[in-house]
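**Q** Provided herewith is a single structure, encoded as structure tokens, for subsequent inquiry.
The values are calculated or read from the model by the stated rules, or taken from the named source; none is laboratory data. Here the structure is a predicted model, which is why all the values come from computation and not from measurement. Because the Cβ atoms are built from the backbone with ideal geometry, glycine has one as well, and the counts that use them run over all protein chains shown. Side chains are part of the model used for accessible areas, which takes the heavy atoms of the whole protein and leaves out ligands, DNA and RNA. Shrake-Rupley method; radii C 1.70, N 1.55, O 1.52, S 1.80 Å.
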Amino acid sequence: MKYDRVFNFSAGPAMMPEPVLEEIAAEVLNYRGTGMSVMEMSHRSKAFIQIYDDAVADLRKLMNIPDNYKVLFVQGGGTTQFAMVPLNLMKGGVACYVETGAWSKKAIAEAKKYGEVKIVASSKDKNFSYVPDCSDLDIPENADYVYICENETINGTTFNKLPNTKGAVLVSDQSSMFLSRPCNVEDYGVIWAGVQKNVGPAGMAVVIIREDLITEDVPDFCPTYLSYKTHADKDSMYNTPNCWAIYCCGKVFKYLNDLGGLEAVEKMNQEKAQIFYDFLDSSELFKGTVAKEDRSLMNIPFVTGSDEEDAAVVAATKAAGMDNLKGHRSVGGLRASIYNAMPKEGVEALVEFLKEYEANK
Ligand SMILES: *Cc1c(COP(=O)(O)O)cnc(C)c1O
């Protein structure tokens, strides 16, 4: 392979598109005649403001974001959003959460610090291997919002149908599926995503929030930085933003637009996932762990049924240039994360390798 890169199946930080990395490499010492790197550039400079404006415009185009939604770049990765959501939106003190795995559990634990959390549906009974039916949830009238983790990175499930929130605001953690398929932004009050899964370097979240949800009405103890209004009022430049991440993400937004937008991206992702799921469904040795209708296109957990065998497969794949197939430490087994930037060839190579491994047993 060019540059001696491996197929990196990591759940995050994860692969970025090679053409984007090449562009970044070409600009790293002298960004377009400015004589400096984006890493060395003032966030108030003309060159950086252009980078920021282009990033927002390209994301707006890609997701077809309506005018009454703001795009924010907030530092602190995905985890900071677990606190920002309740701090800003739990005005009546009650929020509903759907519990589908490790990341929604973290969000629930954080929200409990700020108010009452009602778990309105859960897939805990079957080890988070499916998405519960959310068509008729018991949502109290005073609920401030309904929260989902739309793709559970560790457990490998995805919502293919959004919950019926009965009029309440829907908040979605899209970290590990952001920009993997078309998304109707108007269905949500807030969409947020830590960017290191499907977009760029770690440490930042993109937040897409409906304007009427950005208010001064936050608890007195809410840190200035954790108020959405702070970021909205200053176009994400209340303090020095994560300039490097904004620059890299902006390049990915443009790259995805050039590929043909999210319909084209979804088609590629479906093709890739199909190759892997077809293999799992035909293998005697390797088994998927998720209910078929709720399978993620991005994160595919699978097992052999033996911890020793799983470890042997991880070692063998690594030696063959396919890295990071170990399942999350909380669930074990194996996991192939095949985000937007994983080429189809990577998935095909992995399937070929696993087929041969099985045949030679
Ligand atoms: C990775 C991840 C997070 C946390 O992101 P950090 O940037 O590590 O804080 C939150 N939610 C989901 C679904 C994730 O996959």
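**Q** Only sites in a loop by DSSP and with at most 13 other Cβ atoms within 10 Å count here; which GluC sites (Glu not before Pro) in the range 158-218 make the cut?
**A** Glu216
**Q** Which trypsin sites (Lys or Arg not before Pro) does the range 1-55 hold that lie in a coil by DSSP with at most 13 other beta carbons within 10 Å?
**A** Passing sites in the range 1-55 are Arg5, Arg32, Arg44.
**Q** If you don't mind, there's one more thing I want to ask. To the nearest 20 Debye, how big is the dipole of the chain about its Cα centre, given +1 on the beta carbon of each Lys and Arg and -1 on that of each Asp and Glu?
**A** Its charge dipole is roughly 540 debye.
**Q** Report, to the nearest whole %, how much of the accessible area of the range 298-355 belongs to carbon and sulfur atoms, 1.4 Å probe, protein only.
**A** C and S atoms contribute 52 percent here.
**Q** Just need the relative contact order of the range 157-219 here, percent rounded to a whole number, with Cα pairs under 8 Å and 6+ apart.
**A** Relative contact order comes out at 26 percent.
**Q** Trypsin sites (Lys or Arg not before Pro) within the range 229-311: which are DSSP loop residues with at most 15 other Cβ atoms inside 10 Å?
**A** Lys234
**Q** If the label point is 7 Å along Cα→Cβ of Thr79, which residues in the range 140-159 have backbone nitrogen under 20 Å from it?
**A** What the label zone holds, given the 20 Å backbone N cut-off, is 149-155.
**Q** Can you give me the relative contact order of the chain as a percent, contacts being Cα pairs under 8 Å and 6 or more apart?
**A** It rounds to 23 percent for the chain.
**Q** Run the simple label-point estimate for Ala109 and Glu309 please: 7 Å along Cα→C-beta, distance reported in nm.
**A** That separation, rounded to one decimal, is 3.2 nm.
**Q** Using the crude model of +1 on Lys and Arg Cβ and -1 on Asp and Glu Cβ, and no other charge, please compute the dipole size for the range 222-323 relative to its Cα centre, in debye to 20.
**A** 600
**Q** Considering only C-alpha atoms, what is the centroid distance from the range 6-84 to the range 100-173, in Å?
**A** About 29 Å separates the Cα centre of the range 6-84 from the one of the range 100-173.
**Q** Next question. What FRET efficiency do you get for Asp4 and Thr240 if R0 is 41 Å and r is their Cβ-Cβ distance, rounded to the nearest 0.05?
**A** Using R0 = 41 Å, I get an efficiency of 0.75.
**Q** Which log10 I(q)/I(0) values does the chain give at q = 0.08, 0.12 Å⁻¹ under the Debye formula, counting every alpha carbon as one identical point scatterer?
**A** Results for the chain at q = 0.08, 0.12 Å⁻¹ read -0.40, -0.90.
**Q** On full extension of the chain, what length is gained from Lys126 through Gln274, given 0.36 nm per residue of separation minus the C-alpha to C-alpha distance?
**A** Here the answer is 50.9 nm.
**Q** Let me ask something additional. Once both labels are modelled 7 Å past Cα along the beta-carbon direction, what's the Ala319-Lys267 spacing in nm?
**A** About 4.0 nm, to one decimal.
**Q** Within the range 114-150, whose backbone N sits under 20 Å from a point 7 Å along Cα→Cβ of Asp187?
**A** Within reach of a label on Asp187, which here means backbone N under 20 Å from a point 7 Å along Cα→Cβ, the range 114-150 contributes 120-123, 130-139, 145-150.
**Q** Among residues other than Glu293 whose Cβ falls under 12 Å from its Cβ, what is the net charge (Lys/Arg +1, Asp/Glu -1)?
**A** +1
**Q** Then there's this: If I model a spin label at Ser42 and Glu211 as a point 7 Å from the Cα along the Cα→Cβ vector, what separation in nanometres do I get?
**A** 3.0
**Q** With the other protein chains left in place, how much accessible area per residue, in square angstrom, belongs to the chain at a 1.4 angstrom probe?
**A** Spelled out: the 1.4 Å probe surface of the chain, per residue, equals 44 Å².
**Q** If you put +1 on each Lys and Arg Cβ and -1 on each Asp and Glu Cβ, how big is the dipole of the range 110-179 around its Cα centre, in Debye rounded to 20?
**A** Here the range 110-179 has a charge dipole of around 120 debye.
**Q** Follow-up. Which residues among the range 286-326 fall inside the zone where the amide N is under 14 Å from a point 7 Å beyond the Cα of Glu352, along Cα→Cβ?
**A** Only 320-322 fall inside the zone, counting backbone N under 14 Å.
**Q** Short version: ³J(HN,Hα) in whole Hz for each residue of the range 330-337, in order, from phi by Karplus 6.51 cos²θ - 1.76 cosθ + 1.60 (θ = phi - 60°), x for Gly and Pro, what are they?
**A** The phi angles translate into 7, 10, x, x, 10, 8, 9, 9 Hz.
**Q** Give the relative contact order (percent, whole number) for the range 142-289; include only Cα pairs under 8 Å separated by 6+ residues.
**A** It rounds to 17 percent for the range 142-289.
**Q** Would you tally the net charge around Val6, using a Cβ to Cβ cut-off of less than 13 Å, leaving Val6 out, and scoring K and R as +1, D and E as -1?
**A** -1
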